[in-house]
């Protein structure tokens with residue numbers, strides 16, 4: 001292994017102080033758990049089996065836990081499919097479809113280095129206990145994960161198990177997210193420093209652990225899931241690099257214009273989000289390749305180069321946002337289940353309408369752009385960012401649904417679901433942060449602006465595919481009864497009636513949220529939220 005994975009001493013960090021210095025952190029962060037002192041006069045002990053616990057980092061490249069483990073002894077790369085995690089409302093069968101596909105490739109890549117991926121189905125502490133009995137003394141490595149409440153509690157159970165059994169456990173920072181106390185004003189500089197660190201070369205060879213069988217790859221049924229039928233994006237480390245390269249060098253020229261439009265966005269957005277979600281490529285690698293491409297374009301002339309520079313600048317900003325929003329959940333895990341400002345939890349608590357929720361969730365609201373976007377998301381697992389925001393806005397404002405009840409299922413529909421991005425965004429689009437502008441999307445206006453000729457709507461709402469007049473595609477209720485009969489699209493029969501009046505819903509939402517935000521005690525809490533979580537220039 002080359003020098004890149006090591007610090008300036010020419011060797012890996014060996015204790016807490018050196019790890020903190022290497023990562024540019026401080027404040028007593030818990031990197032090692034129960035690292036025991038070694039008696040210099042004691043007889044040499046056999047090296048511990050180095051377990052590399054894979055979670056949302058399904059790759060071999062730029063994987064510090066794997067590289068550090070390979071320097072220290074026999075390596076047992078491990079993925080545990082946990083039924084308790086799969087039972088969550090935000091876990092969809094499509095997630096396991098993608099993870100399983102990535103694991104198959106990862107197992108092959110690791111096998112070429114001498115040790116295939118070990119996969120087990122069960123709960124992590126119990127699996128570790130079993131491995132301790134067969135693989136001898138253990139040392140555990142993992143990337144830090146900012147996940148949902150279930151994974152957060154699972155990680156703590158693993159830490160507790162490691163302490164109880166005197167197993168050293170090293171958690172390595174990832175994705176530019178800072179764990180523990182930190183100065184929010186310095187976060188952007190810390191992010192840049194993290195992204196500027198050298199990429200970690202994958203080990204050329206792994207010392208195998210022959211006493212442990214790789215194990216079968218769990219099925220959906222093993223996790224209590226039904227197979228997914230969605231037409232999902234391909235995933236894996238090789239596909240991640242191909243996807244990124246094609247965006248940076250070919251597809252990304254019109255990114256700035258296309259990213260708001262659900263049709264063109266499917267090919268002209270980066271489509272790297274699902275790979276970042278499961279770690280088939282690291283965020284640092286994406287930033288590295290982006291900066292390299294930006295440098296290539298810096299001296300290029302002509303309109304094509306200029307357009308690409310602008311597109312990549314916008315993409316760069318969104319990579320910052322990826323970590324920025326994840327940091328919010330890292331700093332305040334409660335925002336998965338509670339509003340930033342607690343008083344907002346009562347805003348919609350008593351107004352849940354199951355019929356409205358069902359119509360929204362299945363794309364039967366009577367608003368063509370809303371229905372097209374939801375059906376597309378359900379069928380493919382992906383939707384561009386602006387239209388995701390519109391769907392959330394419609395649920396929260398038009399349908400007046402409590403975000404805490406629709407957010408988990410909504411996240412589950414997303415193949416690229418990342419809790420740290422999802423929950424802060426849902427709260428922003430629901431008006432419960434207290435600091436962000438209340439943005440209520442007009443679904444007809446969005447349709448006309450982002451799908452002006454109705455191509456996307458006609459594709460995903462076939463009930464409207466035969467309408468000749470584009471204006472009616474965006475607002476079919478404007479057709480007269482005679483026109484409806486002629487078009488073969490009778491509202492209320494062939495296509496749903498509108499479930500709400502948008503103008504009425506708009507004014508109701510504005511008034512309710514404005515009244516709450518004007519209270520002095522709410523404004524004081526909003527100032528606290530801004531100080532802790534607000535963006536810094």
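Just so you know, all these numbers are worked out from the coordinates, no wet-lab data involved. Everything numeric here is computed off the predicted structure, so don't read it as measured data. As a convention, Cβ positions derive from the backbone with ideal geometry for all residues, glycine included, and neighbour counts pool all protein chains shown.
Worth pointing out:
- Gyration tensor verdict on the range 336-533 (Cα atoms; rounded if a/c is under 1.5, prolate if a/b is larger than b/c, oblate otherwise): prolate
- Crossing angle, helix 124-135 versus the chain [Cα axis fit, 0-90 degrees, rounded to tens]: 30
- Cβ crowding within 10 Å averaged over residues, with 265-277, 112-124 ranked highest first: 265-277, 112-124
- Its residue count N fixes a reference of 2.2 N^0.38 Å for the chain, and the Cα radius of gyration divided by that reference is 1.05.
- The length gained on full extension between residue 438 and residue 226, counted as 0.36 nm times the residue separation minus their Cα-Cα distance, comes to 72.5 nm.
- For the range 16-223, the Kirkwood estimate of hydrodynamic radius, built from reciprocal distances between every pair of different alpha carbons, is 18.1 Å.
- Computed from the Cβ-Cβ distance with R0 of 51 Å, the FRET efficiency linking residue 493 to residue 153 stands at 0.60.
- Taking 16 Å as the cut-off, the amide N atoms of the range 195-214 that come nearer than this to a point 7 Å along the Cα-to-beta-carbon line of residue 298 belong to 196.
- With both labels modelled 7 Å from their Cα along Cα-to-Cβ, the residue 482 to residue 469 distance reads 1.2 nm.
- Extending 7 Å from the Cα toward the beta-carbon at both residue 309 and residue 379 defines two label points whose distance is 4.0 nm.
- Stretch gain in nm, segment residue 205-residue 316, where the contour uses 0.36 nm per residue and the Cα spacing is subtracted: 36.5 nm
- Where a label projected 7 Å from the Cα of residue 130 along Cα→Cβ would reach, residues of the range 197-230 with amide N under 13 Å: 212-218
- 0 to 90° range, to nearest 10: angle between helix 419-430 axis and the chain longest Cα axis: 30
- Taking the longest Cα principal axis of the chain as reference, the axis of helix 237-249 is set at about 60 degrees.
- Global form of the range 157-256, assessed from the alpha-carbon gyration tensor, a/c cut-off 1.5: oblate
- Contact order normalised by residue count of the chain, Cα under 8 Å, 6+ apart, percent: 16
- Residues residue 409 and residue 455, FRET efficiency given R0 of 30 Å [Cβ-Cβ distance, rounded to 0.05]: 0.60
- Look at the alpha carbon pairs under 8 Å that are at least 6 residues apart: their mean separation over the length of the range 237-331 gives a relative contact order of 30 percent.
- Estimated [θ] at 222 nm from DSSP helical runs (n ≥ 4, -39500 (n - 2.57)) normalised by residues in the chain, nearest 500: -14500 deg cm²/dmol
- Added length on full extension, which subtracts the Cα-Cα distance from 0.36 nm per residue, residue 508 to residue 186: 112.0 nm
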